[in-house]
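Novice: The structure under discussion is supplied below as structure tokens; questions concerning it will follow.
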Amino acid sequence: MNKFFSNIRKYHKYAIRSAKAELKSEVADSYLNWLWWIIEPVCFMLIYTFIFGYVFHNKTPYFASFVFIGLTAWDFFNRMVKGSVRLIVSNRDLVKKVYIPKYILLLAKSYTYLFKMGISMVITFCLMFAQGVHLSWHILFFIPITIILYVLTFGIGMILMNYGVTVNDLSNLINVFLRMVFYLSGVFYNINERLAGTLCFVLLRVNPIAMIMNEFRRTMLYNQLPSFKWLAAWLIIALILNAIGIHLIHKNENSYAKVI
Amino acid sequence: MSSNEKKIALSVRNLHIFYRGLKKTSIRSSWMRLKDKVEIFEALKGVSFDLEEGKILGIIGKNGSGKSTMLRAIAGIFSPDEGTIDLHGRRVSLLSIGVGFNKKLTGRENIYLSGMLLGFSEEQIAEKEKEITDFADIGKFIDRPVKTYSSGMYSKLAFAITAILETDIMLIDEVLSVGDQRFKEKSYNKMKELISDETRTVVIVSHSLSTIEELCDEVLWLNDGEVIEQGDPEEILPRYMEFMKSKKKK
């Protein structure tokens, strides 16, 4: 574990620079440049709000903000999971030529996604303000909840990254799985309203991303306290996943170059 | 050898590298393969050697004899399956072209990306930046995106980065011939200057025996993952040529 932290310290600056480079290159040759980081989430929010708010008559209060918070959390999770599976293979040239602790690649990637999530969060706040959501200090809970989301996805990312090297069709499996989780997470509907009993309980507690979305909404939109018990439980699980991921990568990273 | 001999920079002991274990698989085939035996290919079968500080070692051998595998193992890209590699605390880099380049960014930005990937700090690179851009000699293109470069300019910049940001032990896989005639000469001379530095230890893999003869103090002959001989180029190279000729006849 010490090795992990000393590696992070050593390569942290590289990760930041690499993340910046990637963001820069992403917008380097599109006409609207960085505006896309704003336009894209807003468009998706409009689509979901229109379909599920008007077509399906959803009566959830502050529905646009509700959807946007869900999308913000989901996009981060989705990008991390999808990105990590093919991460080593897509960095083939690099992996074959220099030694770099492999989670640094994930770290760099996560910074770019975190940046996009930050933009998304700012838009969320604007939207909440525009919709006249009553703001209270509970909103500050979005910081610890975001940290738990980050730690959790980083752990999952490391594990997927490791198996993504050797298992060719893991990305297909993950795509199907992500689609399922997307619909089960209540990005565009309120699980609490639509489902009841055990199913609701299970979906909101056992599915971490639904749980985190729900906590974001409770604290940011409805001025409630988060459920500390479940957040703590998932933080512990997240830390265990990280430990497993670090162990797997330390054990296997030097063999990746032989396989890809 | 007397006790005031030079320091050892690199020790390789009984190095084995296998290609197996982490084999590419798919979910479907992993069910079926449970019964099958895994095929093991042993790229290096117990290689041992020492290299003194400041020496230039050339590794020769036919295709598939494990030369590149060994370089990558020394560079830390592979870990040894058995045996040890001791660098005695020195920094090592595999001289390779354009590592970590992002083609949509400018040459200057890529100097930093590539350099930091090789383990240098931002300050160290900033110090050497002028030297690198001067050596690469690609003029205004240094501030344009790398994707607009010709292949010659690309390799010039890439070579300049690895050549100027130096480490204690340099590993070179095939001496590079990049750019036009003028740059080729310049880079060859730079390479010679780099590797003839007193404290720099160099390992070169090449199929060009004339290069090896000119640059190296010592030769290591590998065949099918085993060391045949290590020693003076003048003694080993003729025997190696003889060996390759006899192979050809068969």
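Novice: Do we have B:Ile138 as in contact with a helix residue (DSSP H, G or I) (Cβ under 6 Å, 6 or more places away or on another chain), open to solvent by less than 20 Å² (accessible area, probe 1.4 Å) and more than 14 Å from every other protein chain (Cβ to nearest Cβ) here? Can you show your working first?
Specialist: Numbers: in contact with a helix residue (DSSP H, G or I) (Cβ under 6 Å, 6 or more places away or on another chain): yes; open to solvent by less than 20 Å² (accessible area, probe 1.4 Å): yes; more than 14 Å from every other protein chain (Cβ to nearest Cβ): yes.
Answer is yes for this residue.
Novice: Output the residues belonging to segment B:101-117 that are within 11 Å of chain A (Cβ to nearest Cβ) and open to solvent by 20 Å² or more (accessible area, probe 1.4 Å).
Specialist: Residues satisfying the conditions are B:Phe101, B:Asn102, B:Lys103, B:Lys104, B:Thr106, B:Glu109, B:Tyr112.
Novice: Now a separate question. Please verify whether B:Ile77 is within 22 Å of A:Val259 (Cα to Cα), among the hydrophobic types (A, V, I, L, M, F, W, C) and touching a Lys or Arg at 6+ places or on another chain (Cβ under 8 Å), treating the condition exactly as stated. Spell out how you get there, then give the answer.
Specialist: Working: within 22 Å of A:Val259 (Cα to Cα): yes; among the hydrophobic types (A, V, I, L, M, F, W, C): yes; touching a Lys or Arg at 6+ places or on another chain (Cβ under 8 Å): yes.
Yes.
Novice: Do you know which residues across segment B:74-97 are facing chain A (nearest Cβ under 8 Å) and touching a residue at least 60 places away in the same chain (Cβ under 8 Å)? Spell out how you get there, then give the answer.
Specialist: Here is the first cut: in segment B:74-97, the ones facing chain A (nearest Cβ under 8 Å) are B:75-79, B:93-94, B:96.
Passing the criteria: B:Ala75, B:Phe78, B:Ser93, B:Leu94, B:Ser96.
Novice: Right, something else. I need the full set of residues from segment A:65-93 which are surrounded by 19 or more Cβ atoms within 10 Å (Cβ to Cβ) and either among the aliphatic types (A, V, I, L, M) or over 20 Å from the mean Cα position of the chain (by Cα) (or both), in order please.
Specialist: A:Val67, A:Ile69, A:Leu71, A:Ala73, A:Met80, A:Val81, A:Val85, A:Leu87, A:Ile88
Novice: To continue, here is another question. Residues to consider are A:Tyr11, A:Tyr62, A:Tyr54; find the one that is within 14 Å of another protein chain (Cβ to nearest Cβ) and among the hydroxyl-bearing types (Ser, Thr, Tyr).
Specialist: On the way: A:Tyr62 fails: within 14 Å of another protein chain (Cβ to nearest Cβ); A:Tyr54 fails: within 14 Å of another protein chain (Cβ to nearest Cβ).
Answer to the check: A:Tyr11.
Novice: Among the helices (runs of 4 or more DSSP H) lying completely within segment A:75-168, list those that include at least 3 residues that are free of Cβ contacts under 8 Å to residues at least 24 places away in the same chain and within 30 Å of B:Gly119 (Cβ to Cβ). Outline the logic, then answer.
Specialist: Numbers: elements: A:87-90, A:92-97, A:102-130, A:142-166.
Hits in segment A:75-168: A:92-97.
Novice: Which residue is farthest from B:Glu229 (Cα to Cα), if the candidates are limited to segment B:58-73 and must be in contact (Cβ under 8 Å) with a residue 24 or more places away in the chain and within 11 Å of the chain's Cα centre (by Cα)?
Specialist: B:Ala73
Novice: Output the number of residues of segment A:1-18 satisfying the condition of being of a type in the set (A, V, I, L, M) and open to solvent by 50 Å² or more (accessible area, probe 1.4 Å).
Specialist: So the first thing to find is which residues in segment A:1-18 are of a type in the set (A, V, I, L, M), and the list is A:1, A:8, A:15-16.
Cutting the leftovers down to open to solvent by 50 Å² or more (accessible area, probe 1.4 Å) gives us A:1, A:16.
Of the residues in that region, 2 qualify.
Novice: Also: A:Leu173 versus (1) more than 27 Å from A:Trp36 (Cα to Cα); (2) open to solvent by 60 Å² or more (accessible area, probe 1.4 Å); (3) without any contact (Cβ under 8 Å) to a residue 12 or more places away in the chain; (4) away from every other protein chain (no Cβ under 14 Å): which is the lone unmet condition?
Specialist: (4)
Novice: When you scan segment A:197-260 for helices (runs of 4 or more DSSP H) that lie fully inside it, which ones turn up with 3 or more residues that are open to solvent by less than 60 Å² (accessible area, probe 1.4 Å) and closer than 21 Å to A:Tyr103 by Cβ?
Specialist: Numbers: elements: A:197-206, A:208-220, A:228-259.
Correct list: A:228-259.
The values are calculated or read from the model by the stated rules, or taken from the named source; none is laboratory data. Everything numeric here is computed off the predicted structure, so don't read it as measured data. Cβ: placed from backbone, ideal geometry, glycine included. Neighbour counts: every protein chain shown. For accessibility, only protein heavy atoms count, side chains too; no ligands or nucleic acids. Shrake-Rupley method; radii C 1.70, N 1.55, O 1.52, S 1.80 Å.
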